[in-house]
Amino acid sequence: MEYKRVKDEFKETDSIEDDIENLHEKKSLLGGDSSSREHSKWKIKSIVTVLLTLLTSSQAILIVWSKRAGKYEYSVTTANFSVEALKCTLSLLALTRIWRNEGVTEDNKLATSLNEIIVYPIPAALYLVKNLLQYYIFAYVSAPSYQILKNLNIISTGVLYHIMLKRKLSEIQWAAFILLCAGCTTAQLDSSSDRVLQTPFQGWMMAIVMALLSGFAGVYTEAIMKKRPSRNINVQNFWLYVFGMVFNAVAILVQDFDAVMNKGFFYGYTLITTCMILNHALSGIAVSVVMKYADNIVKVYSTSVAMLLTAVVSVFLFHFHLSLAFILGST
């Protein structure tokens, strides 16, 4: 099974990375420059993580803002395809710059083996379904509530980390997951109506499915990214996004073919829609950088911080009411 092979190779990569880290530590004891290298690496991780948090916080706001009279006037499948195409283009531009400065090497060339390419369709297909659900869930939830429910990704990622990659989580981390789950539920309590929770059952089910898809795709993608540490990240991104374009093209044919043929590919697009596509593209690239040089736990916890930013902005843009339950749950 393809997943089992990736998991076994990921374990081997972990062992190699541990050996490399141990070697760096020995070099630092001998007066090497590993400390400055580690500081630079930490700086890059921090910048990308902060950028990802800002992009994630504005994602839900832009999706809600792009609706007209409560519905999307544009095709969500073409929007998804545009995101994948833009990410693919940006990766190619980055590679072109690297080829011009460093030349074509074994680690940055696009030509590769079937064994390397064959692992990319799995996360590409999972992200397709998750990204489509991301649009439809707003029929049931507000932008701040969506960010709250996105925290379920942390729970699914933690559990899948333990199951798929056999990563051990500390008791404190497990306690944090339980606390997070309680916080999500508390933030959704609704004392102003007969319903116990603000979000209806359909919204919860979609959020759970999205969390599972995002968690599995994230852990699997991290395994792919770290399977060959020396491989240029732009090459890995390029192949992932190529399959993303293929699957989204199929989605357009199945779901919106007639509408696209009659009204055009970019029908209904506005400046907000364009900003949303740019936001999603940059977020996707930032996520891959975090997974390549950090891990999924860093990625999903940036979502938690983004939740607070989304709530504050939504108060001014959408007149969102910060209830006591929401404040306590967010905290």
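At a glance:
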| read-out | value |
| --- | --- |
| Selection from region 74-114 of residues that are of a type in the set (S, T, N, Q) and more than 17 Å from Gly284 (Cα to Cα) | Ser75, Thr96, Asn101, Thr105, Asn108, Thr112, Ser113 |
| Helices (runs of 4 or more DSSP H) contained entirely in region 111-168, each with at least 3 residues that are over 26 Å from Leu324 (Cβ atoms) and touching a residue at least 60 places away in the same chain (Cβ under 8 Å) | 121-136, 152-164 |
| Looking only at region 126-142, and only at residues there that are among the aliphatic types (A, V, I, L, M) and farther than 14 Å from Trp204 by Cα, the one that is surrounded by the fewest Cβ atoms within 10 Å (Cβ to Cβ) | Val129 |
| Odd one out for Cys88 among (1) at pLDDT below 90; (2) within 30 Å of Arg68 (Cα to Cα); (3) of a type outside the set (D, E, K, R) | (1) |
| Total residues in region 99-120, condition open to solvent by less than 30 Å² (accessible area, probe 1.4 Å) and polar (S, T, N, Q) | 1 |
| Leu52 vs. criteria surrounded by 14 or more Cβ atoms within 10 Å (Cβ to Cβ) and either part of a helix (DSSP H, G or I) or modelled with pLDDT of 65 or more (or both) | yes |
| Selected residue (criterion: nearest to Tyr74 (Cα to Cα)) from residues of region 261-281 that are among the β-branched types (Val, Ile, Thr) and surrounded by fewer than 18 Cβ atoms within 10 Å (Cβ to Cβ) | Thr270 |
| Failed condition for Pro123, given (1) within 25 Å of Gln59 (Cα to Cα); (2) surrounded by fewer than 15 Cβ atoms within 10 Å (Cβ to Cβ); (3) at pLDDT 80 or above; (4) of a type outside the set (A, V, I, L, M) | (2) |
| Check on Val290, modelled with pLDDT of 75 or more, open to solvent by less than 70 Å² (accessible area, probe 1.4 Å) and under 26 Å from Lys226 (Cα atoms) | yes |
| Members of region 225-255 found to be open to solvent by less than 10 Å² (accessible area, probe 1.4 Å) and within 30 Å of Tyr267 (Cβ to Cβ), listed by number | Asn237, Tyr241, Gly244, Asn248 |
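The values are calculated or read from the model by the stated rules, or taken from the named source; none is laboratory data. Computed from a predicted structure; not experimentally measured. Please note: Cβ atoms are built from the backbone with ideal geometry, for glycine as well, and neighbour counts cover all protein chains shown. These accessible areas exclude ligands, DNA and RNA; they are computed on the full protein's heavy atoms, side chains included. Shrake-Rupley method; radii C 1.70, N 1.55, O 1.52, S 1.80 Å.
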